[in-house]
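Below is one structure, written out as structure tokens; comments come after it.
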Amino acid sequence: QVYLAESGGGVVQSGKSLRLSCVAAGFTFSNYGFHWVRQAPGKGLEWVAAIYYDGIKKEHADSVKGRFTISKDNSKNMVYLQMDSLRVEDTAIYYCAKWGDNRALKWGQGTLVTVSS
Amino acid sequence: DIQMTQSPSSVSASVGDRVTITCRASQGVGGWLGWSQQKAGKAPKLLIYATSTLESGVPSRFSGRGSETLFTLTIDNLQPEDFATYYCYQANSFPWTFGQGTRVE
């Protein structure tokens, strides 16, 4: 059974940094890629970043490119999202999701990031 | 970027109804289309991926079909626990993109 648990959210001032973590269990971590998807208050879902199973190839949304970096540590079963130069519009719940077989997207419970001005 | 447009944005339904939600892609996505359900205050939950493959544990009253630019999610015999918001997403090319959501109320 897939288990994903995000942590690291909180309140941060605009321009500062925050690192989100996602611990995974229930499957062979090193065989899978992961995504981060966010949801601003009262809004829909927005894809943020993805990392391939090998941890080398990465993709980032234009809205966060150059500010956010996704990474994974196969030795710790952890996925990270390093968020720098945060903006008020980055305020959202951030979900970690497993990039499953046939591009299935299996979700964690989310962590709330609030960026204050 | 591929734009995903869901219709309707909301639908009123009753227990026992059949509900169909449409998702249109601005360009072909092959069969790389998934659906997630989100209840108020909760994380999304995967229902269907690769157009029509039901996630393990998802009731068979949910079904998906379509190809390239037009996809549907159908809920047969709507149950009380199905009242939620449904999102489609395309996984054909980056950036992966989501529909704006359809609220079933």
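Among A:VAL88, A:VAL115, A:VAL64, which is open to solvent by 20 Å² or more (accessible area, probe 1.4 Å), farther than 17 Å from A:GLU6 by Cα and among the hydrophobic types (A, V, I, L, M, F, W, C)? Reasoning before the result, please.
Working: A:VAL115 fails: open to solvent by 20 Å² or more (accessible area, probe 1.4 Å); A:VAL64 fails: open to solvent by 20 Å² or more (accessible area, probe 1.4 Å).
After applying the criteria, what remains is A:VAL88.
Within the range A:69-117, restricting attention to residues that are away from every other protein chain (no Cβ under 14 Å) and assigned to a helix (DSSP H, G or I), the residue that is farthest from B:TYR86 (Cα to Cα) is A:VAL88. I'm trying to understand the selection: among the residues of the range A:21-45, which are within 14 Å of another protein chain (Cβ to nearest Cβ) and either surrounded by fewer than 17 Cβ atoms within 10 Å (Cβ to Cβ) or touching a Pro at 6+ places or on another chain (Cβ under 9 Å) (or both)? Correct list: A:GLY26, A:PHE27, A:VAL37, A:GLN39, A:ALA40, A:PRO41, A:GLY42, A:LYS43, A:GLY44, A:LEU45. With respect to the stated conditions, B:GLY34 is under 9 Å from the mean Cα position of the chain (by Cα) and either facing another protein chain (nearest Cβ under 10 Å) or more than 24 Å from A:THR111 (Cα to Cα) (or both). Scanning the range B:38-64 for residues that are open to solvent by 20 Å² or more (accessible area, probe 1.4 Å) and part of a loop (DSSP other than H, G, I, E, B) returns B:LYS39, B:ALA40, B:GLY41, B:LYS42, B:ALA50, B:SER52, B:GLU55, B:SER56, B:GLY57, B:PRO59, B:SER60, B:ARG61.
Scanning the range B:1-37 for residues that are part of a strand (DSSP E or B) and open to solvent by less than 20 Å² (accessible area, probe 1.4 Å) yields B:MET4, B:GLN6, B:VAL19, B:ILE21, B:CYS23, B:ALA25, B:LEU33, B:GLY34, B:TRP35, B:SER36, B:GLN37.
The values are calculated or read from the model by the stated rules, or taken from the named source; none is laboratory data. Everything numeric here is computed off the predicted structure, so don't read it as measured data. For neighbour counting, all protein chains shown are included, and Cβ atoms are generated from backbone atoms with ideal geometry for every residue, glycine included. When the accessible area is computed, the model is the full protein with side chains, heavy atoms only, and any ligands, DNA or RNA have been set aside. Shrake-Rupley method; radii C 1.70, N 1.55, O 1.52, S 1.80 Å.
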